[in-house]
Amino acid sequence: MTASQIATAETTAAARGLSGPYGPDFAAALATELEGLPLEGRITRIAELGNAVFTTSLGLEDQVLTSLIAATGAGLRVVTLDTGRLFAETHELIGRTESRYGLEIEIFKPWKEEVDGFVALYGMNGFYDSVEARHACCHARKLQPLGRALADAEIWVTGLRRGQSGNRSNSPLAEWDADRSLLKINPLADQTLDALKTRAVVDDVPLNPLHAKGYPSIGCEPCTRAIKPGEPERAGRWWWEQDERRECGLHLSASVSGSRAPKRQAKSGQPRVTARAS
């Protein structure tokens, strides 16, 4: 990005009342810039921009990103959402990843009262009964913790990839998330699954053993199954629902998903880093 582009983005952002040099114009220019950079260069560029938080689900894409963050010394905060219903293999991978790369993965868990409220209304596994109930479960276990994880962030880094689903097919390398007032960067958006698999092997990236058992996309245990031959990558997520574009809501508009959190939220009472899962 040239100096004139940055100046233009800053002026536009200020005119629209946006904090910092970010906004739609900045995001569009940044997306073009990132397109011409190798993955390592993308991570280094992100680190130069501001207070960035990378949210990892510890899937293949996110593990490759974690390896790049460690290799470049980018110093990005790495955060994961422990919903309370993850696979044992995912819990084990958290510690293995921290040991492998010498970094700390901050864990955000749902508030007990949020989960208790869901259970009281729908039952522990009521998410199977309706889309409304499933969205309510995702809201309590994922979206609320996401809001707290991003409360201090200026930049949100994700492992979104266009090939993951039709709903993500147009994911840009960088975009302005107006609802959350964040610059959202998806540095792997244009990467193929095969390319990332190859990179993971070459770089000896620790992976979830469930990938080798037919789980290309891994979420909560009750809501994830192995896919069948020929099925899309995310067909194993919420498989009982018929909507092929189904999502948990993390990457939907905050006004739709309900994951908005006040910026610069006070941390009192917020367990940003919780005890490691056993």
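The values are calculated or read from the model by the stated rules, or taken from the named source; none is laboratory data. For clarity, every value in this text was computed on a predicted model and none was experimentally measured. Here the Cβ positions follow ideal geometry from the backbone for every residue, glycine too, while neighbour counts run over all protein chains shown. Side chains are part of the model used for accessible areas, which takes the heavy atoms of the whole protein and leaves out ligands, DNA and RNA. Shrake-Rupley method; radii C 1.70, N 1.55, O 1.52, S 1.80 Å.
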Taking Glu114 as the residue in question, decide whether it is modelled with pLDDT of 95 or more and out of contact with any His (no Cβ under 9 Å at 6 or more places or on another chain). no
Could you check how many residues of the stretch 33-64 are part of a helix (DSSP H, G or I) and either open to solvent by 10 Å² or more (accessible area, probe 1.4 Å) or more than 14 Å from Ala200 (Cα to Cα) (or both)? 17
Would you be able to tell me the number of residues in the stretch 65-74 that are surrounded by fewer than 19 Cβ atoms within 10 Å (Cβ to Cβ) and under 28 Å from Cys138 (Cα atoms)? 0
Taking the condition polar (S, T, N, Q), open to solvent by 10 Å² or more (accessible area, probe 1.4 Å) and closer than 30 Å to Phe26 by Cα, does Ser130 pass? no
Identify, please: which residue in the stretch 75-94 is open to solvent by less than 30 Å² (accessible area, probe 1.4 Å) and outside any strand (DSSP E or B) and is, among those, farthest from Val64 (Cα to Cα)? Thr83
Has the stretch 192-210 got any residue that is more than 24 Å from Pro38 (Cα to Cα) and either in contact with a strand residue (DSSP E or B) (Cβ under 9 Å, 6 or more places away or on another chain) or surrounded by fewer than 20 Cβ atoms within 10 Å (Cβ to Cβ) (or both)? yes
Hand me the list of helices (runs of 4 or more DSSP H) wholly inside the stretch 112-198 holding 1 or more residues that are over 16 Å from the mean Cα position of the chain (by Cα). 112-122, 131-138
Given the conditions (1) assigned to a helix (DSSP H, G or I); (2) more than 24 Å from Val78 (Cα to Cα); (3) modelled with pLDDT of 95 or more, and given that Ala226 satisfies all but one, which numbered condition is not satisfied? (1)
Search the stretch 151-166 for residues being open to solvent by 10 Å² or more (accessible area, probe 1.4 Å) and more than 17 Å from Pro187 (Cα to Cα), and hand back the single one that is modelled with the lowest pLDDT. Gly166
